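Trainee: Could you have a look at this structure, given as structure tokens, before my questions?
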Amino acid sequence: MAAPSYPFVPYHPTTYAAEETLRRAQEYYAFMDDRRTVRDFSDAPVTREVIEQLILTASTAPSGAHKQPWTFCAVSDPVLKRQIREAAEKEERDSYSGRMSPEWLEDLAPLGTDWQKPFLETAPWLLIVFKKAYDVKADGTKRNNYYVSESVGIASGFLISAIHHAGLVTLTHTPSPMNFLSKLLNRPANERPFLLLPVGYPAAEVQVPDLQRKPLEEVAVWY
Ligand code: IYR
């Protein structure tokens with residue numbers, strides 16, 4: 001029997017002349033370079049419609065064998081947000097007072113973080129990204145996914161840029177260990193928590209640490 005063939009369709013991505021290509025590359029860099037991780041949120045609401053668009057954008061990311069091995073849980077329920085905060089702070093308290101090495105704590109000092117995570121209640125939305133090690137088919141059988149962490153990492157990057165583009169702020173919160181999120185959100189066994197992103201508007205007069213990004217010479221090598 002002949003191998004099955006799969007359909008291809010024409011694709012016409014927008015392209016630009018060299019000068020406009022450079023201008024757009026510069027413009028996008030300036031836009032992304034303006035993004036900062038923010039830990040102080042306003043409680044101003046953000047509509048579900050906005051969050052839906054952000055998740056759709058994240059879900060445009062490339063993935064291993066196009067398996068799209070992710071689930072985005074969007075939490076706005078204040079009771080659930082409080083439960084997440086309480087569980088995260090319990091873990092973080094243990095992490096900051098013993099589980100993290102002195103070197104790690106020293107490296108974190110410039111960021112001004114501690115075990116307290118008020119943003120988990122203040123931000124109008126918490127987006128919890130889950131990675132799916134495998135899919136479960138309708139008949140209950142398991143089907144493997146590939147490059148799961150890479151795929152979900154890329155989707156999370158797309159999500160962060162979409163949040164920034166919408167004029168909202170976020171931070172990549174990784175309470176450790178994170179399994180309390182599987183329980184609180186009632187996720188199936190094939191999903192593992194990957195990242196928690198509070199999303200909202202920044203608090204008034206918000207401040208961020210005075211950090212510098214590495215220059216091109218330090219991050220790029222040319223051959
Ligand atoms: N998960 C902790 C600690 C933490 C770790 C790193 I690496 C950071 O860049 C920031 C924080 C927390 O969320 O506070």
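Nothing in this text is a laboratory measurement; each read-out follows from the coordinates by a stated rule. Note that the structure is a prediction, hence the values are computed from the model and not measured. Heads up, the Cβs are rebuilt from the backbone with ideal geometry, glycines too, and the neighbour counts pull from every protein chain shown.
Trainee: What shape does region 3-74 have by the C-alpha gyration tensor, where a ≥ b ≥ c are the square roots of the eigenvalues, rounded means a/c under 1.5, and otherwise prolate means a/b greater than b/c and oblate the rest?
Mentor: oblate
Trainee: Still on this structure, please answer the following. Any idea which of Gln116, Ser97, Leu126 is furthest toward the positive side of the dipole for the chain, if Lys and Arg beta-carbons carry +1 and Asp and Glu beta-carbons -1?
Mentor: Result: Leu126, furthest along the dipole toward the positive end.
Trainee: Let me ask something additional. For Phe41, list long-range residues whose amide hydrogen, built 1.01 Å from N in the peptide plane, is under 5 Å from its own amide hydrogen.
Mentor: Ala203
Trainee: With no solvent and one point per C-alpha, what does the Debye sum give as log10 I(q)/I(0) for the chain at q = 0.07, 0.13, 0.14, 0.16 Å⁻¹?
Mentor: -0.28, -0.93, -1.06, -1.29
Trainee: Which GluC sites (Glu not before Pro) in region 150-223 sit in a loop by DSSP (not H, G, I, E or B) and have at most 16 other Cβ atoms within 10 Å of their own Cβ?
Mentor: Glu205
Trainee: While we're on this one: Show me 99-105, 210-216 ranked by packing, highest mean number of other Cβ atoms within 10 Å first.
Mentor: 99-105, 210-216
Trainee: Calculate for the chain the 222 nm mean residue ellipticity that helices alone would give, adding -39,500 (n - 2.57) per DSSP H run of length 4 or more and normalising by residue count, nearest 500 deg cm²/dmol.
Mentor: -11000 deg cm²/dmol
Trainee: Let me understand region 117-181 better: what is its radius of gyration from the alpha carbons, and its Dmax, in angstrom?
Mentor: 14.9, 43
Trainee: Fewest first, what order do His173, His66, His12, His165 take by the number of other Cβ atoms within 10 Å?
Mentor: His12, His66, His165, His173
Trainee: How large is ³J(HN,Hα) for each residue in region 77-93, as worked out from phi by the Karplus curve 6.51 cos²θ - 1.76 cosθ + 1.60 (θ = phi - 60°), to whole Hz, x for Gly and Pro?
Mentor: Result, ordered by residue: 5, x, 5, 5, 4, 5, 4, 5, 4, 4, 5, 5, 5, 4, 5, 5, 4 Hz.
Trainee: Hey, another quick one. So which of Lys90/Lys214; Lys90/Lys183; Lys132/Lys183; Lys67/Lys183; Lys81/Lys137; Lys81/Lys132 end up more than 26 Å apart, counting from Cα to Cα?
Mentor: Exceeds cut-off: Lys90/Lys214; Lys81/Lys137.
Trainee: If you take the square roots of the eigenvalues of the alpha-carbon gyration tensor of region 15-141 and sort them as a ≥ b ≥ c, do you get rounded (a/c under 1.5), prolate (a/b over b/c) or oblate?
Mentor: Note, shape of region 15-141 comes out oblate.
Trainee: Between region 41-67 and region 166-196, how many Å separate their Cα centres?
Mentor: 14 Å
Trainee: A further question on this structure: Only four residue types carry charge here, +1 at the Cβ of Lys and Arg and -1 at the Cβ of Asp and Glu. Report the dipole size of region 37-201 about the Cα centre in Debye, rounded to the nearest 20.
Mentor: That gives region 37-201 a dipole magnitude of about 660 debye.
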